[in-house]
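A.B. asks: Below you will find the structure I want to go over with you.
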Amino acid sequence: MTPDKVLAHAPKILDQSEREIFFETGYLLKERFVSDAWLARLWEVTERMIDESRKVSSSDDKFDVEKDHTAEAPKLRRLTQPVDHDPLYWEFASNSMITDLAEDLLGPNIKFHHSKLNFKWFGGGEEVKWHQDIQFWPHTNFSVLTIGVYLDDVDDVTGPMGVVPGSHKGEIFDQYNSDDQWVGCLSDGDLKKVALEDAVYLQGPAGSVTVHHCRTLHGSMTNNHPTKARPLLLNAFSSADALPITPNPTPSRYNGTIVRGEAARHAEFDPYRGRLPPDWSRGYSSIFALQQEEAGATGAAE
Ligand SMILES: O=C(O)CCC(=O)C(=O)O
């Protein structure tokens, strides 16, 4: 759905000016947006997930862990598709204030795409290199976005999400390396073309929410805090009329579920001039493994 058509519907939860700012800059930060009651419920299940991760010694379909992850000292990078692992995560994605927020920015008919919980563990939790999302999951149009919730307070030490304002209106960059392998981030050469000096780092207390457009250039630095992780629960949505044109890298029983309104009768099209991702229908590892070019990670996606 085009911004004009979205803006023509009355907002539920945002001011009209906030919606206009999102379409202009490609991102939004809403401090303390998620209620304490929701945060407490999300923490209860998230603590359980962290405990469960103690049983794994290497990454699998559910837990993406750092190399020195152990039962005694877990070091989680990501819980993949939280919605598949506890009904609470699905309730949050499909029926909460973040679903209202998605509706204000995507229009009345909305589809769920995927979810992930990035932990960015303390004491060096890995960076996420500068990238755009739409190349991971191209759609027929660009009415696609991701909403992140900081489950804990985030400052400049814990590795806040950084965004480049206005980059959603610019180039769709190649996210392959010079050996033609998908790495899911920009090359050093392309980064020189980007106004990284304008990057904004989104910080705030627990419950603050980030929104980034599917073409917005974003990334985050290492978490250098000695004791505090930076759990960021991310849910991606699209307008119902934006259809994925490649297989979803992280399948879930909820992929493509209409969470507001109704299914589209017609697809809407924006020309997609980016390069297509590899065929991930047979498996995908994670953005961390791919960006770090860990052994087997790129191959797994081919
Ligand atoms: O966790 C972050 O800081 C960024 C997450 C992200 O961009 C991603 O997982 O695609």
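A.B. asks: Over the Cα atoms of the stretch 3-300, how large are the radius of gyration and the largest Cα-Cα distance (Dmax), in Å?
C.D. replies: Just the Cα atoms of the stretch 3-300 yield Rg and Dmax of 17.9, 53 Å.
A.B. asks: Here's something else I'd like to know. Rounded if a/c is under 1.5, else prolate if a/b beats b/c, else oblate: with a ≥ b ≥ c from the C-alpha gyration tensor eigenvalues square-rooted, which is the stretch 51-192?
C.D. replies: It is oblate, given that a/c is not under 1.5 and a/b is not larger than b/c.
A.B. asks: For E262, what is the net charge nearby, where nearby means another residue's Cβ is under 12 Å from its Cβ and Lys, Arg count +1, Asp, Glu -1? Numbers along the way, then the final one.
C.D. replies: Working: positive: K111, R260, R265; negative: D241.
That works out to +2.
A.B. asks: Please state, to two decimals, what the Cα-based radius of gyration of the stretch 133-172 comes to when divided by 2.2 N^0.38 Å (N = residues).
C.D. replies: Expressed relative to 2.2 N^0.38 Å, the Cα Rg reads 1.49.
A.B. asks: As a quick test, which of the pairs K62/K129; K129/K228; K62/K120; K30/K169; K30/K192 have an alpha carbon distance above 18 angstrom in this structure?
C.D. replies: As for pairs spanning more than 18 Å Cα to Cα, those are K62/K129; K129/K228; K30/K169; K30/K192.
A.B. asks: Using the Karplus equation 6.51 cos²θ - 1.76 cosθ + 1.60 (θ = phi - 60°), what ³J(HN,Hα) coupling, rounded to whole Hz, does each residue of the stretch 271-280 give in order, writing x for Gly and Pro?
C.D. replies: x, 9, 9, x, 6, 6, x, x, 6, 9
A.B. asks: Charges only on Cβ, +1 for Lys and Arg, -1 for Asp and Glu: so what's the dipole of the chain about the Cα centre, in debye to the nearest 20?
C.D. replies: Working: 30 positive and 46 negative charges, 86 e Å.
So the magnitude is around 420 debye.
A.B. asks: Where is the GNM fluctuation largest for the chain (alpha-carbon springs, 10 angstrom cutoff): E91, E262, E72?
C.D. replies: Looking only at E91, E262, E72, the biggest GNM fluctuation is shown by E72.
A.B. asks: Subtract the Cα-Cα distance of T222 and Q181 from 0.36 nm times their separation in residues, and report this length gain in nm to one decimal.
C.D. replies: 12.4 nm
A.B. asks: While we're on this one: In 10 Å bins starting at zero, report the fraction of Cα pairs in the stretch 115-222 per bin as a rounded %.
C.D. replies: 14, 45, 34, 6, 0
A.B. asks: Now a separate question. Report, largest value first, the span of the C-alpha coordinates of the stretch 1-119 along each principal axis, in whole Å.
C.D. replies: 52, 27, 24
A.B. asks: Considering only D64, D270, D104, give the residue with the highest GNM mean-square fluctuation for the chain, with springs between Cα atoms whenever their separation is below 10 Å.
C.D. replies: Result for the chain, Cα springs under 10 Å: D270 fluctuates most.
A.B. asks: Right, something else. What residue among S220, S178, S35 shows peak mean-square fluctuation when the chain is described by a Gaussian network model with Cα springs under 10 Å?
C.D. replies: It is S178.
A.B. asks: Please compute the Cα-Cα pair-distance distribution of the stretch 86-162 with 5 Å bins starting at 0, giving whole percents from short to long.
C.D. replies: Percent of pairs per bin, in order: 3, 11, 21, 20, 20, 17, 7, 2, 0.
A.B. asks: Where Rh denotes the Kirkwood radius from the mean inverse Cα pair distance, what is Rg over Rh for the stretch 147-293?
C.D. replies: 0.96
Throughout, read-outs are computed from the coordinates displayed, never taken from laboratory work. Only a predicted model underlies this, so the values are computations on that prediction, with no experimental measurement involved. Cβ sites come from the backbone with ideal geometry, for glycine too, and all protein chains shown count toward neighbours.
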